[in-house]
1. Sorting check: for 395-408, 109-122, 160-173, which peptide has the highest mean count of neighbouring beta carbons within 10 Å, and how do the rest follow?
2. Once R0 is set to 41 Å, what does the formula 1/(1 + (r/R0)^6) return for the Cβ-Cβ distance between residue 50 and residue 189, expressed as a FRET efficiency to the nearest 0.05?
3. Starting from the 7 Å offset along Cα-to-Cβ, what nm value, one decimal, do you get for the label separation of residue 331 and residue 548?
4. Please compute the contact order of the range 320-417 in relative form: average sequence separation of alpha-carbon pairs under 8 Å and at least six residues apart, divided by the residue count, as a percent.
5. Using per-residue counts of other Cβ atoms within 10 Å, averaged over each peptide, order 204-216, 564-576 from highest down.
6. With the cut-off at 1.5 for a/c, could you classify the range 467-546 from its C-alpha gyration tensor as rounded, prolate or oblate?
7. How large, in Å, is the range 591-673 by the Kirkwood hydrodynamic radius built from its alpha-carbon pairs?
8. To the nearest 0.05, what FRET efficiency results for residue 399 and residue 276 with a Förster distance of 41 Å applied to their C-beta separation?
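No lab work stands behind these numbers, since they all come straight from the coordinates. Predicted model, so just to flag it, every value in this text is computed and none were measured. Cβ sites come from the backbone with ideal geometry, for glycine too, and all protein chains shown count toward neighbours.
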């Protein structure tokens, strides 16, 4: 029989080791061991605790996996009220708050602490004798729900703290669901035909209020601690800034972007910087919290009603608004897909007036139960097309109309079908005028033939005047024809023709992508260009030869062979050839990918680059044999980090991917060319 003392010693070594790696992974985003090595440590501890249950302790890392369902939440009394914050919506209001506080303090000056206001669920965590004792929601500020069993499953919440911590104290924080986790959760719910969460805050709140904590444990919840509620038995720092650094030293996760400022104007500039990079944050934030730094002055200012006088939330411009859905329109895309869109009563959201929004497809409309005539919540995020989050069902009237997709194409009147394995309805008429125009727009786009000065409006004008019927007709335009268009001067016409002429020499991969073959995006176009020397060779490819290529499946192979069988498509390709468009590789393109300097390397770019646009950077990577990807995975070789990087940076740090600054990236490209 094993020596129990020896086993206990082993367990006591495993627990701090696992806690340390939890802290590196979930708090610092800087792991030191692989996932498999971490899993081995946890599994070893689980086995030992299963064999020797007397060694299990409440703060063991194995106790995070959830607990059996409880009958109902208990109630926790907050020793110090957990109050909400007053709001400021302009710098003028922020300055007025600052002046009021200063007046109450007889004109004394004070520093300010600022940090992003996370859109999550406020919680209070109480520690007694170095162990997490209870975790509660804000509730009414005085009494909250006891959700300790759920909060224990969040890996960035310490189950125990160092011995130098006070014997009894409470920290306060915001539990949230990262944007990536929110997206994945809603995708899973959509597959299971469950109602979707409207936003990450609702998803986080719903997750921690589960009676079955094993459900909470499966969701990637996180926390930022934002303050100390109270402490007994030990002296704590006397400024909020120092308290936050102290809490960090005890193992709590604080927002890395917390900052200390001397004046309200400095705080205002901080706010403006957060407004600009708000969309790049890996979590939802709805404002910036500003706090008086000295704790003594906080106590002197006190509270008014349910709000502290010493803190305020400077809110970001709204990204959501409520308006009426007047109708649902239909656009027909280049592949014949019928794309529904919302026609709205104009509403101002985030400083922009919105009258249309995306609706994706009929299935999505029915899953959200959106009806014509409903009041709906509209969301705008950065430059992304506005979308409808869902209806306000409490305002629904009897006149609200259930939407159904038309049986005939609204543009050409042809029959509409819905393939069994696809989400979109499709027009069956390959000659549908709307499809033809969308294919032309795709052809001239930057990622395809990149014909400068030939944008969407010019394509539409040329098409409506019957000067072009397909993309190949662009190469037969004359200056006289262009001068016949509204607002087209001689110099502009010459510039358009020069841009069209310059596009004739684009790489083969660009031409393949520009043709608009169904399911063939930029990456597949690159793959096809690597394996076929010309459009003619690709047109003769059999399904068997296409299926032999990596990641090409039957669906894509069928689409490629079907494209080249259509007489209309062959006619367009012939017109391109006669116009002088290069439809084969240059000698420089014929170098085998494996021989190029960046072969087998995969790059992901996050943030804004200073020296050239992202599309050009990705093109340079591909030219040198590398792969430019949009997702960070274990296969990623390097992540190029520009200004205001997004959530890809955090994921790269978690996976231990090597990061390059833009300067290092440029140096690598220059070295590769030599």
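1. Working: 395-408: 11.6, 109-122: 21.0, 160-173: 18.1.
Put in order of decreasing packing, that is 109-122, 160-173, 395-408.
2. Values: r = 33 Å, r/R0 = 0.81.
That pair, residue 50 with residue 189, gives E of 0.75.
3. Placing both labels 7 Å beyond Cα along the Cβ direction yields 4.1 nm.
4. On the way: 198 pairs, mean separation 24.8, N = 98.
Reported relative contact order: 25 percent.
5. On the way: 204-216: 19.4, 564-576: 14.8.
Highest mean packing first, the order is 204-216, 564-576.
6. On the way: a/c = 3.21, a/b = 2.77, b/c = 1.16.
Since a/c reaches 1.5 and a/b is larger than b/c, the shape of the range 467-546 is classed as prolate.
7. Working: mean 1/r = 0.0787 Å⁻¹.
Hydrodynamic radius (Kirkwood, Cα pairs) of the range 591-673 is 12.7 Å.
8. Details: r = 42 Å, r/R0 = 1.03.
Result of the calculation: an efficiency of 0.45.
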